[in-house]
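Novice: Structure below; questions to follow.
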Amino acid sequence: MAPATAKDRLEQALKHYFGYDSFRPGQREVVTAALQNRDLLIVMPTGGGKSLCFQLPALVKPGLTVVVSPLIALMQDQVESLRHNGISATFLNSTLNAEQQRAREMALVKGQVKLLYLAPERLLAERFLPFLDLIRHNVGISAFAVDEAHCVSEWGHDFRPEYRQLRLLRDRYPDVPMMALTATATHRVRLDIIEQLSLRQPLIHIASFNRPNLYYEVRPKNGNSYRELFALIKASNGSTIIYCLSRRQVENIATKLQKDGIVALPYHAGMNDTERRENQTRFIRDDVQVMVATIAFGMGINKPDVRLVIHYDLPRNIESYYQESGRAGRDGEPATCVLFFGYGEVKTIEYLIDQKPDPQEQRISRQQLRQMINYGEGHECRRTILLGYFGDRFAENCRQCDNCRYPKPLEDWTVEAQKFLSCIARCEERFGMNYIIDVLRGSKSQKITQYQHDQLSTYGIGRDKTADAWKLLARSLIHQGLLEETTDGFPVLKLNAASWEVLRRQRSVFIPVPQKYEEETTPASTRRMEVEMLFDKLRLLRKQIADEQSIAPYMIFADSTLRLMAKQRPQTLAELSQISGVGEYKAARYGDRFAAAIAAFCRGQSPTTASDTKMLTLELHQQGLTVAEIAEKREIRPTTVIRHLSELIEINQPVDLNRLVPPERQAAIWKALQTVGDASLSAIRQHLGESYSFDEIRLVRGLWHQRSQEF
């Protein structure tokens, strides 16, 4: 038999270690170039398979691949995941004691490790470089992989000076190929990476920045935002990350969610290392649904099954937002990214920018902030704005963002704009937005009386619109260049030439007016419901096995793999091995338990039916709406909603009965059912007494029927 070629070994390793039969777009080209010892610059979005581009060549090539990674938590998580796939990987960092350090160094010298993860500071330390020379002499160094390579560039959103020193590797090891990888890099940043790392005629691979599985949405920040955030979490069937601008906001939101029954934990720089590590571990292992974090959390998480990312405060730039929102749906499954856009944070960020000592750094930061505001205010496709920032064109209706799904109609607000601009002029361009709105809406504040602005012709002519509507107009005027606002710490509105064109009726003003959010619903078929039920059972099994081994559930199988199992229902080890993401290694380790669980589900499965209208009721219930709110939204009677929920409970759908009937009252009704049996509602109520409603009895009886079917 002819010896296996490098290509054969590549395919075998891809299937054996990672469980995939084929490469994602662009991966084969990159891996092939890596095997040819070329320098590489790889720009792939989060979840695009970037890590495999250096991990797979490391397994095929002789010698050690050295990976530069900026955060301890991230490198530890990646190494643990690799080891669980049967790959020999390790890290060296400050978390190790002297004995652990020596054992790992010995394994490296003996060639027992294929991938070594290090922070740039340790890699370039005076003591470590001679040790690296020893490794090269004994086993060879196959490649250097610089992850998060945008940190090299001052034009990147997370510049780190220590990354600049990595060019010393090229001087010391000129024959070792170098691979730079990042998920976020503009054209300027890419050129800077090539120069700073001294890459030699690198193959540059730039994957599309589009993440088609992500839904992007921007909501206005107002007094109702926490309630909306809570509803989003309740409606999400999976892990959630909430990003906030300050530690105080992180603690505030985490505390509120905990009080409202959501298992949430904080994560910020004010916590000690042990607290942060414990909270992150609980989140990764699915013991906690929600992590509330400052942006420092962004690069320290390696969890592929995050279903919802919420930015409760405004990010400082688009690159940060793209990377942080990109933590959602890394497994390729549908996920949602929501930004609550408020102008209060703009002033906070501007203040922080003003504290920077370098004027050039201030200029770059202000430009980046304006681009972020443009994203929040924009009424075109969110993908068009995001991808355009990175030079990636997207010129179609994506149907996966709020602006495409719920287009905001442009309305002619020329008359309102004339009122607003006229009021600014009559107030002599000396005041800010809120004051002008108060004048327009006829406020009787002492300040307005003091300046005698209650005598102006524009006083009170804007009572027909809310303050929020006037703010929407004002921001749109600024965004369109029809009005100026000073940025010296005291925001004052100033007219410009375009403002006077509007006042002289030489220019019309159109603004996008947000519409009320109405969630699209896709009625679930019986088959889809069954798939979801099996998927949930497989997730529970995965969590059980993960807890037994003290690892993160995603290290066993990704959500996408479990969903394929739920759809295809493999009931033997051979069938299970064909599922994408399983592979020989994991099939041998876990296959029997998952195949048995699927077979048991198929044997015990009973027909499950629910009409489209009931499923719509269920979706609204899962969003956190009360019975009355569901009835009002659907324009049906509350008793009809109760009947829907009772019948959904009976067929074992995820209805939260504790929200509808207090547990102690459930216990009393259950006891009555045990005594009276499956009688009429009237008979059960007569036994209980009139303090119990027919609605409560109907709901608990639904659970009684469902449990009766199990025995």
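The values are calculated or read from the model by the stated rules, or taken from the named source; none is laboratory data. Just so we're clear, the structure is a prediction, and the values are computed from it rather than from any experiment. In this analysis, Cβ positions are derived from the backbone assuming ideal geometry, glycine residues included, and neighbour counts consider all displayed protein chains.
Novice: Given the condition modelled with pLDDT of 85 or more, over 33 Å from the mean Cα position of the chain (by Cα), part of a loop (DSSP other than H, G, I, E, B) and surrounded by fewer than 17 Cβ atoms within 10 Å (Cβ to Cβ), answer yes or no: does some residue in the stretch 658-666 qualify?
Specialist: Scanning the stretch 658-666, I find at least one residue that is modelled with pLDDT of 85 or more, over 33 Å from the mean Cα position of the chain (by Cα), part of a loop (DSSP other than H, G, I, E, B) and surrounded by fewer than 17 Cβ atoms within 10 Å (Cβ to Cβ), so the answer is yes.
Novice: Let me ask another. So which of L245, L265 is buried (at least 17 other Cβ atoms within 10 Å of the Cβ), in the same structural domain as S325 (by TED's automatic domain parsing) and closer than 16 Å to I233 by Cα?
Specialist: None of the others qualify; the one that does is L265.
Novice: From the list I204, I262, I241, I233, which one is assigned to a helix (DSSP H, G or I) and on the phi < 0 side of the Ramachandran plot?
Specialist: I233
Novice: If you go through the stretch 538-557 one residue at a time, how many are farther than 13 Å from D305 by Cβ, charged (D, E, K, R) and either in the same structural domain as E278 (by TED's automatic domain parsing) or crowded, with 16+ Cβ neighbours inside 10 Å (or both)?
Specialist: Looking only at that region, the number is 0.
Novice: Still on this model: Which one is farthest from the chain's Cα centre (by Cα) among residues in the stretch 558-571 that are small (G, A, S) and surrounded by fewer than 21 Cβ atoms within 10 Å (Cβ to Cβ)?
Specialist: Out of the qualifying residues, it is A566.
Novice: Then there is this: Hey, among the residues in the stretch 20-44 that are polar (S, T, N, Q) and not in a loop (DSSP other than H, G, I, E, B), which one's nearest to V582 (Cα to Cα)?
Specialist: So, considering only residues that are polar (S, T, N, Q) and not in a loop (DSSP other than H, G, I, E, B), the one nearest to V582 (Cα to Cα) is Q27.
Novice: State whether one or more residues within the stretch 154-175 are hydroxyl-bearing (S, T, Y), more than 22 Å from L56 (Cα to Cα), outside any strand (DSSP E or B) and under 26 Å from the mean Cα position of the chain (by Cα).
Specialist: The answer is no; no qualifying residue exists.
Novice: Among the residues of the stretch 476-496, are any in contact with a strand residue (DSSP E or B) (Cβ under 8 Å, 6 or more places away or on another chain), without any contact (Cβ under 8 Å) to a residue 60 or more places away in the chain, among the charged types (D, E, K, R) and not in a helix (DSSP H, G or I)?
Specialist: Yes; the residues of the stretch 476-496 include at least one that is in contact with a strand residue (DSSP E or B) (Cβ under 8 Å, 6 or more places away or on another chain), without any contact (Cβ under 8 Å) to a residue 60 or more places away in the chain, among the charged types (D, E, K, R) and not in a helix (DSSP H, G or I).
Novice: Next up: Could you grab me the full set of residues in the stretch 384-404 that are in contact (Cβ under 8 Å) with a residue 60 or more places away in the chain and surrounded by fewer than 16 Cβ atoms within 10 Å (Cβ to Cβ)?
Specialist: G391, the sole residue that qualifies.
Novice: In the stretch 74-82, is there at least one residue being in contact (Cβ under 8 Å) with a residue 24 or more places away in the chain, crowded, with 22+ Cβ neighbours inside 10 Å, over 23 Å from R589 (Cα atoms) and not assigned by TED's automatic domain parsing to the domain that holds R282?
Specialist: Yes, some residue in the stretch 74-82 is in contact (Cβ under 8 Å) with a residue 24 or more places away in the chain, crowded, with 22+ Cβ neighbours inside 10 Å, over 23 Å from R589 (Cα atoms) and not assigned by TED's automatic domain parsing to the domain that holds R282.
Novice: Shifting gears a bit: Within the bounds of the stretch 600-609, is there any residue that is modelled with pLDDT of 85 or more and either closer than 24 Å to Q78 by Cα or in contact with a helix residue (DSSP H, G or I) (Cβ under 6 Å, 6 or more places away or on another chain) (or both)?
Specialist: no
Novice: Name the single residue that is modelled with the highest pLDDT among those in the stretch 451-496 being among the acidic types (D, E) and closer than 20 Å to I349 by Cβ.
Specialist: Among those residues, the one meeting the criterion is E484.
Novice: Now a separate question. For N279, are the conditions met, namely being among the polar types (S, T, N, Q), surrounded by 17 or more Cβ atoms within 10 Å (Cβ to Cβ), at pLDDT 85 or above and in contact with a Pro (Cβ under 8 Å, 6 or more places away or on another chain)?
Specialist: yes
Novice: Now for a separate question. Quick one: how many residues across the stretch 45-57 are over 24 Å from Q165 (Cα atoms) and either outside any loop (DSSP other than H, G, I, E, B) or touching a residue at least 40 places away in the same chain (Cβ under 8 Å) (or both)?
Specialist: Here the count works out to 7.
Novice: Could you please find all residues in the stretch 619-630 being under 31 Å from the mean Cα position of the chain (by Cα) and without any contact (Cβ under 8 Å) to a residue 12 or more places away in the chain?
Specialist: T626, E629 - these are the residues of the stretch 619-630 that are under 31 Å from the mean Cα position of the chain (by Cα) and without any contact (Cβ under 8 Å) to a residue 12 or more places away in the chain.
Novice: Can you confirm whether D612 is closer than 30 Å to K567 by Cα, surrounded by fewer than 16 Cβ atoms within 10 Å (Cβ to Cβ) and at pLDDT 85 or above?
Specialist: So D612 fails the test.
Novice: Could you list, in sequence order, all residues of the stretch 624-652 that are under 16 Å from A231 (Cβ atoms) and at pLDDT 80 or above?
Specialist: G624, L625, T626, V627, A628, E629, I630
Novice: May I pose another question? Just give me the residues in the stretch 631-657 being closer than 18 Å to Q706 by Cα, in a helix (DSSP H, G or I) and within 32 Å of the chain's Cα centre (by Cα), in sequence order.
Specialist: L645, L648, I649, L657
Novice: Tally up the residues in the stretch 663-682 that are more than 16 Å from R707 (Cβ to Cβ) and of a type in the set (D, E, K, R), please.
Specialist: The qualifying residues number 2.
Novice: Shifting gears a bit: Which of the following residues is within 29 Å of the chain's Cα centre (by Cα) and over 29 Å from N210 (Cβ atoms): A103, A107, A89, A98?
Specialist: Result of the check over A103, A107, A89, A98: A89.
Novice: Another one. Going by what's in this entry, would E324 be described as outside the structural domain of T561 (by TED's automatic domain parsing), part of a helix (DSSP H, G or I) and either surrounded by 18 or more Cβ atoms within 10 Å (Cβ to Cβ) or under 14 Å from the mean Cα position of the chain (by Cα) (or both)?
Specialist: yes
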